[in-house]
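To start, the structure under review is shown below, and the notes come after it.
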């Protein structure tokens, strides 16, 4: 409202410039606080609104100590800004919270203008304070709605991003990547400062740092530098993100590409240099009319407000004003104005104008009154006007946001439920009503537990407590009891906490999908695979039994019998692994570990390679090959003594023929190796059978230091 200046001397003369009576009449009719100070900071005049805000008379208001009603969070900043503005003897603006006489904190925006005496020397300041509390509250409400809307809209026309307290990106949506030109993987972890044009950092960084200090959100326009060096103009609306304790975690930002608009504005400025672009957002335009002539003196910024050229005599008429009022509003404004002219009814109205210079539609708020300047026949109309376009725009955006939120909520195919922190349902969308078979009024106000199968509420409460402690989103499945035909449903639910404007948890927001049929399919699939596994094992058991009967022949060596049984066991173990994975691609590391486990334990076997999944056919072939190599190592190679070691490594490569698997079996520290006189069955199976099975090459080398086996085979596209 005002800078915290020292108490005024109540005996000081009324330090008001020439035309003091006229100034007093204008100031007293204004619906805002007005005051005048000297260079010493002492107030020589305050108007009625000024005193009413303090709850004292005007004489006492001159002596009032403003430091006593400054909000603690704003006090130091406002005092410093006021002292700097006073020392510079230039116009300046203050904005902060002040405690009104009734104890309520109000947001005030004060504009102070230097004034000069008759000789042109600095004489002090004029001050005007506007109450902007409603605008501030509308901004807070809009941000809260936009935060809720982001839950439903992941992709849209606006970019969305989040950064940590140092400015490094932690989340970006696809639209932000499109606008900035940077791929997501290069943005995450990169600082927003690094992609901002250097000339814009001087404005950007102070806003960001202030928000981190006191939570003040901000909107601004700046340039991003794309990887190819081109520039994109953006409008960023930035808000603070806090943790459960209210500490800053970072910020969220909604980004609009305004490059085209900026280019259009630049072209407009170049071709029409004489057009004034905007009026001072917090300016107060004063004007009056002689009710006999319907003309009077206007302040210079009154002409600016309407887009009219300033006139040397500073005079304007009622026709100048009415000609610029929006056609849909002009009759109401005319009727309200003449009610004040004719009957003295106080004039207060909000209306639209079409600026004289640009044709731009702007919202104004005007207050006025009929006064008697001299005798009873000398009547004048004195008024003030403000530009309230931003407030109206915020109100409209809030209404639009609420409408979009409700439309998405009502029309979503997913099940959407909100609840308080005690898990009482506060709202459901029509999809929930249809799925559970209860009317909406039978769901809202009841505990979620009433619609869950037994034992499910413990899961819900545990995950709610987890979110209260750690934040974030939780995903889980629950069984829902339904009143509709068809029995219970299985829902997969994503839920998060809803927060108020101060970042405090207020409830739970959940989006669910019906996965009943998919769960039934998974169960049926498991039953079929288990049955197949049972039958295959029975077949392998029969094969093994036949082999045992056959190998009883004294002419067949015990070694051949054990080798055959080992191969059957290796095949069975590979089959078990594939069954556990539902015959889907399996990790190569698990295939290697299971195949080598019966032969090699502890640190004698080293297994290392990239993450890779194998098709079932490839997995079985490699498992049998590793079994043969391990069996040979136990008999003749590195595992036949106490010191030998085995290393199994692999890597994925890519050449002009596509992706390939390169696997190496290397034995070391075993007994000396000699080249066999003939290739046994196991060696032939690996070199010929495995190579043919994989469509690649297999090379076994009987090196003196230990046997080596290298596999080079193409990988199918599904192997990752």
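So that you can scan it fast, the table gives a plain yes or no per residue for (1) part of a loop (DSSP other than H, G, I, E, B); (2) loosely packed, with under 13 Cβ neighbours inside 10 Å; (3) modelled with pLDDT of 85 or more; (4) not assigned by TED's automatic domain parsing to the domain that holds residue 178:
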site	(1), (2), (3), (4)
84	no, yes, yes, yes
87	no, yes, yes, yes
90	yes, yes, yes, yes
95	no, no, yes, yes
103	yes, yes, yes, yes
147	no, no, no, no
156	yes, no, no, no
Top-ranked residue of segment 36-52 - restricted to ones that are within 17 Å of residue 82 (Cβ to Cβ) and touching a strand residue (DSSP E or B) at 6+ places or on another chain (Cβ under 7 Å), ranked as surrounded by the fewest Cβ atoms within 10 Å (Cβ to Cβ): 39
Strands (runs of 3 or more DSSP E) fully within segment 338-400 counting 2 or more residues that are in the same structural domain as residue 25 (by TED's automatic domain parsing): none
Test: residue 250 is outside the structural domain of residue 469 (by TED's automatic domain parsing), in contact (Cβ under 8 Å) with a residue 60 or more places away in the chain and in a loop (DSSP other than H, G, I, E, B): no
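Conditions (1) surrounded by 12 or more Cβ atoms within 10 Å (Cβ to Cβ); (2) without any contact (Cβ under 8 Å) to a residue 12 or more places away in the chain, marked per residue:
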| residue | (1), (2) |
| --- | --- |
| 646 | yes, no |
| 650 | yes, no |
| 658 | no, no |
| 663 | yes, no |
| 667 | yes, no |
| 671 | yes, no |
| 684 | yes, yes |
| 688 | yes, yes |
| 693 | yes, no |
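Yes or no, residue by residue, for (1) surrounded by 14 or more Cβ atoms within 10 Å (Cβ to Cβ); (2) at pLDDT 90 or above:
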site: 173; (1), (2): yes, yes
site: 181; (1), (2): yes, yes
site: 190; (1), (2): yes, yes
site: 209; (1), (2): no, yes
site: 222; (1), (2): yes, yes
site: 250; (1), (2): yes, yes
site: 283; (1), (2): yes, no
Test: residue in segment 33-43 that is under 24 Å from residue 104 (Cβ atoms), modelled with pLDDT of 90 or more and in a helix (DSSP H, G or I): no
Some residue of segment 309-324 being touching a residue at least 12 places away in the same chain (Cβ under 8 Å), within 48 Å of the chain's Cα centre (by Cα), within 25 Å of residue 394 (Cα to Cα) and in the same structural domain as residue 290 (by TED's automatic domain parsing): yes
Verdict on residue 166 being touching a helix residue (DSSP H, G or I) at 6+ places or on another chain (Cβ under 8 Å), modelled with pLDDT of 90 or more and farther than 18 Å from residue 259 by Cα: no
Matching residues, segment 76-115, being at negative phi and free of Cβ contacts under 8 Å to residues at least 12 places away in the same chain: 76, 80, 84, 87, 88, 104
Enumeration of residues in segment 44-55 that are in a loop (DSSP other than H, G, I, E, B) and in contact (Cβ under 8 Å) with a residue 24 or more places away in the chain: 55
Selection status of residue 289, touching a helix residue (DSSP H, G or I) at 6+ places or on another chain (Cβ under 8 Å), surrounded by 13 or more Cβ atoms within 10 Å (Cβ to Cβ) and either outside the structural domain of residue 378 (by TED's automatic domain parsing) or part of a strand (DSSP E or B) (or both): yes
Lone unmet requirement of (1) out of contact with any strand residue (DSSP E or B) (no Cβ under 9 Å at 6 or more places or on another chain); (2) surrounded by 15 or more Cβ atoms within 10 Å (Cβ to Cβ); (3) modelled with pLDDT of 85 or more for residue 405: (3)
Failed item, numbered, when residue 329 is tested on (1) without any contact (Cβ under 8 Å) to a residue 24 or more places away in the chain; (2) buried (at least 16 other Cβ atoms within 10 Å of the Cβ); (3) closer than 17 Å to residue 299 by Cα: (3)
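The values are calculated or read from the model by the stated rules, or taken from the named source; none is laboratory data. Keep in mind the model is a prediction, meaning the values are calculated, not measured. Backbone-built Cβ (ideal geometry, glycine too); neighbour counts: all protein chains shown.
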